[in-house]
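This report refers to the structure that appears directly beneath it.
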Amino acid sequence: MKLDYLAKLNDHLSNTDKMPLLFLGHGSPMNAIEENQFVQGFRKISEGIAKPKAILCISAHWETKGTKVTAMEFPKTIHDFGGFPQELFEVEYPAPGSPELAKETKDLISSTQVELDHNWGLDHGAWSVIKHLYPEANIPVIQMSIDYTKGPQYHYELAKEISRLRAKGVLIIGSGNLVHNLGKVDWANINKVDHGYDWTLEVMEKMNDWILNDNHEKLINYKSQGSAFHLAIPTPEHYLPLLYVLGLKGSKETVELFNNKAIAGSLSMTSLKVE
């Protein structure tokens with residue numbers, strides 16, 4: 001093996017202080033290029049985090065059959081959306097990847113077979129928020145996919161298998177939205193902050209209480225929590241990244257909520273930091 005590869009591998013295996021966890025409500029892709037209170041919240045939260053050696057992101061926008069991790073040295077910036085200004089399509093986030101971290105992540109997971117992926121890259125659920133945390137794009141980023149064939153409990157438990165990465169300098173980020181119903185968006189008030197339907201506000205209040213009080217069972221069994229939750233989470237992909245963060249949370253760790261606002265009626269930007 002080449003000496004430089006050994007050095008990289010040893011660096012990834014070396015211990016650090018335990019890194020915090022983030023769940024980021026990413027909202028519209030336009031947050032990548034707009035200046036608003038939410039991107040200010042992303043920047044502010046990063047100021048209290050030691051510079052990570054690498055980032056592992058679980059994004060709502062990479063669903064696969066089975067679990068995959070990106071393993072290329074230079075992941076492409078994926079513009080996985082349509083109907084937005086050309087300026088947004090011109091954004092590049094040229095962070096390096098980390099084949100070493102991908103391999104280490106794969107090796108930690110024993111409950112399922114993990115595939116090393118060389119085709120995906122960084123989707124907007126990852127780069128549109130990470131660019132505000134680390135605008136210089138000088139920290140390696142890998143993504144882990146969401147297996148759409150599995151239920152909430154599976155994802156919550158799977159997260160626990162990668163917990164050792166937190167003590168290796170890896171910042172683990174879940175990116176989605178706790179309330180995410182595009183079919184009910186109030187387009188006449190698309191940018192109106194603190195604007196949520198009654199069911200949105202009901203779900204936000206209950207979720208926040210359960211998150212802050214470690215009532216993970218109710219959050220895992222969200223489908224059993226009534227009609228408001230069915231409206232708030234019509235499909236699971238934007239919600240499941242939260243369960244990865246909660247699955248990784250230690251019993252003595254605390255949660256800080258930020259960007260805790262409804263927007264456009266049927267979306268919430270609620271984000272959290274665990275440490």
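Here are some residues: Leu158, Leu116, Leu101. Which one is part of a helix (DSSP H, G or I), within 25 Å of His79 (Cβ to Cβ), touching a strand residue (DSSP E or B) at 6+ places or on another chain (Cβ under 9 Å) and aliphatic (A, V, I, L, M)?
Leu101
Only one of Glu73, Glu104 is open to solvent by 50 Å² or more (accessible area, probe 1.4 Å) and over 17 Å from the mean Cα position of the chain (by Cα); which?
That would be Glu73, the only listed residue that is open to solvent by 50 Å² or more (accessible area, probe 1.4 Å) and over 17 Å from the mean Cα position of the chain (by Cα).
Which of (1) on the phi > 0 side of the Ramachandran plot; (2) touching a residue at least 60 places away in the same chain (Cβ under 8 Å); (3) small (Gly, Ala, Ser) is the odd one out, the single condition Ser128 does not satisfy?
Checking Ser128 against (1) on the phi > 0 side of the Ramachandran plot; (2) touching a residue at least 60 places away in the same chain (Cβ under 8 Å); (3) small (Gly, Ala, Ser), the one that fails is (1).
Being assigned to a helix (DSSP H, G or I), farther than 21 Å from His155 by Cα, open to solvent by 80 Å² or more (accessible area, probe 1.4 Å) and not charged (D, E, K, R) is the filter here; which residues of the stretch 191-219 pass it?
Across the stretch 191-219, the qualifying residue is only Leu201.
Restricting to the stretch 136-162, name every residue that is under 13 Å from Glu104 (Cβ atoms) and under 15 Å from the mean Cα position of the chain (by Cα).
Residues satisfying the conditions are Ile142, Met144, Ile162.
For a quick check of your reading of the model, give me the residue pairs whose first member lies in the stretch 21-49 and is closer than 9 Å to His132 by Cβ and modelled with pLDDT of 95 or more, whose second is among the charged types (D, E, K, R) and not in a strand (DSSP E or B), with beta-carbon atoms closer than 7 Å and at least 6 apart or on different chains.
Ala32/Lys131
Among (1) among the hydrophobic types (A, V, I, L, M, F, W, C); (2) open to solvent by less than 10 Å² (accessible area, probe 1.4 Å); (3) in a helix (DSSP H, G or I), there is one condition Ala188 misses while meeting the rest; what is its number?
(2)
Which one is farthest from Val69 (Cα to Cα) among residues in the stretch 107-126 that are open to solvent by less than 70 Å² (accessible area, probe 1.4 Å) and among the acidic types (Asp, Glu)?
Residue satisfying both the conditions and the ranking: Asp123.
When the stretch 237-275 is examined, which residues are found to be out of contact with any strand residue (DSSP E or B) (no Cβ under 7 Å at 6 or more places or on another chain) and acidic (Asp, Glu)?
Scanning the stretch 237-275 gives a single hit, Glu275.
If you go through the stretch 114-158 one residue at a time, how many are in contact with an Asp or Glu (Cβ under 8 Å, 6 or more places away or on another chain) and among the β-branched types (Val, Ile, Thr)?
Result for the stretch 114-158: 1.
Being farther than 20 Å from Ser111 by Cα and under 16 Å from the mean Cα position of the chain (by Cα) is the filter here, so list the residues in the stretch 50-61 that pass it.
Listed by number, the residues that qualify are Pro52, Ala54, Ile55, Ser59, Ala60, His61.
Return the residues of the stretch 51-80 that are touching a residue at least 40 places away in the same chain (Cβ under 8 Å), out of contact with any Leu (no Cβ under 8 Å at 6 or more places or on another chain), part of a loop (DSSP other than H, G, I, E, B) and not acidic (Asp, Glu); say none if nothing qualifies.
If the condition is that a residue be touching a residue at least 40 places away in the same chain (Cβ under 8 Å), out of contact with any Leu (no Cβ under 8 Å at 6 or more places or on another chain), part of a loop (DSSP other than H, G, I, E, B) and not acidic (Asp, Glu), then Lys51, Lys53, His61, Trp62, Lys65, Gly66, Met72 are the ones that fit.
Before we move on, is Glu237 of a type in the set (Asp, Glu), out of contact with any helix residue (DSSP H, G or I) (no Cβ under 7 Å at 6 or more places or on another chain) and either open to solvent by less than 60 Å² (accessible area, probe 1.4 Å) or within 18 Å of Ile263 (Cβ to Cβ) (or both)?
It is true that Glu237 is of a type in the set (Asp, Glu), out of contact with any helix residue (DSSP H, G or I) (no Cβ under 7 Å at 6 or more places or on another chain) and either open to solvent by less than 60 Å² (accessible area, probe 1.4 Å) or within 18 Å of Ile263 (Cβ to Cβ) (or both).
Taking the stretch 127-179 as the search range and keeping residues that are among the polar types (S, T, N, Q) and farther than 19 Å from Val69 by Cβ, which one is surrounded by the fewest Cβ atoms within 10 Å (Cβ to Cβ)?
My answer is Asn138.
Specify which of the listed residues (Tyr222, Tyr244) is closer than 22 Å to Ser46 by Cβ, among the hydroxyl-bearing types (Ser, Thr, Tyr) and either loosely packed, with under 14 Cβ neighbours inside 10 Å or under 19 Å from the mean Cα position of the chain (by Cα) (or both).
After applying the criteria, what remains is Tyr244.
Only residues that are part of a loop (DSSP other than H, G, I, E, B) and farther than 17 Å from Leu133 by Cβ: list them for the stretch 81-96, please.
Phe81, Gly82, Gly83, Phe84, Pro85, Glu90
The values are calculated or read from the model by the stated rules, or taken from the named source; none is laboratory data. What you are looking at is a predicted structure, and each value in this text was computed from that prediction instead of being measured. For neighbour counting, all protein chains shown are included, and Cβ atoms are generated from backbone atoms with ideal geometry for every residue, glycine included. Each accessible area value is taken on the protein alone, full model and side chains, heavy atoms only, with ligands, DNA and RNA left out. Shrake-Rupley method; radii C 1.70, N 1.55, O 1.52, S 1.80 Å.
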